[in-house]
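Please treat every number below as a calculation from the coordinates, not as lab data. Source: prediction; values computed, not measured. Ideal geometry is used to build each Cβ from the backbone, glycine not excepted, and the neighbour counts take in all protein chains shown.
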Amino acid sequence: MSEIEQAIQHFSDLVNQNPDNAEAVMNLAWTFERQGDYDAAIAQFESALQIDPSNHHALYGLGLTLLGHGDLDGAADVLARTESLLDGVENKSVLVVMARQISALRYRMSQMAN
């Protein structure tokens with residue numbers, strides 16, 4: 001079993017034990033994203049957002065995954081929603097990093113659209 005498969009099994013077990021733990025669901029989503037299983041990642045990020053709709057990390061992950069999946073319009077919408085949540089982020093270093101990353105992603109998406 002590969003490391004990524006082990007991680008999926010580990011986080012799947014955590015989610016099964018704690019289905020309302022948005023962090024565990026989000027970690028499972030990131031693992032699927034890294035594996036390239038975008039459909040599973042999208043489903044897990046959406047599950048994390050059902051648990052915690054203000055989770056800017058899950059929303060950002062969903063945006064990145066939609067971008068990787070080739071859904072530019074969906075990614076743009078989700079990243080705009082992510083930006084609206086950043087105003088409430090207390091950790092300013094997280095705010096700055098995510099804002100810069102979103103800006104870079106918007107540029108990348110504009111290049112992909114042309």
The answer for GluC sites (Glu not before Pro) in region 5-114 that fall in a DSSP coil and have at most 10 neighbouring Cβ atoms within 10 Å is Glu90
Here, Ala80 and Arg108, labelled 7 Å along Cα→Cβ, have an inter-label distance in nm of 2.0 nm
Per-residue ellipticity at 222 nm attributable to helices in the chain (runs of n ≥ 4 DSSP H, -39500 (n - 2.57) apiece, nearest 500 deg cm²/dmol) works out to -27000 deg cm²/dmol
For Val97 and Leu14, extending 7 Å from Cα along the Cα-Cβ vector and measuring point to point gives, in nm, a value of 1.7 nm
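Quick one: net charge of Thr65's neighbours, Cβ under 15 Å, K/R +1, D/E -1?
On the way: positive: Arg34, Arg81, Arg108; negative: Glu33, Asp37, Asp39, Glu46, Asp71, Asp73, Asp77.
My count for the surroundings of Thr65 gives -4.
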About its Cα centre, region 18-114 carries a charge dipole, from +1 on Lys and Arg Cβ atoms and -1 on Asp and Glu Cβ atoms, whose size in debye to the nearest 20 is 460 debye
For region 61-68, in residue order, the Karplus 3J(HN,Hα) values (coefficients 6.51, -1.76, 1.60; θ = phi - 60°; whole Hz; Gly and Pro = x) are x, 4, x, 4, 5, 4, 4, x
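Loop only by DSSP, 10 or fewer other Cβ within 10 Å of the Cβ. Give me the trypsin sites (Lys or Arg not before Pro) in region 1-107 that pass, ordered by residue number.
Working: sites: Arg34, Arg81, Lys92, Arg100, Arg106; in loops: none.
Nothing satisfies the criteria.
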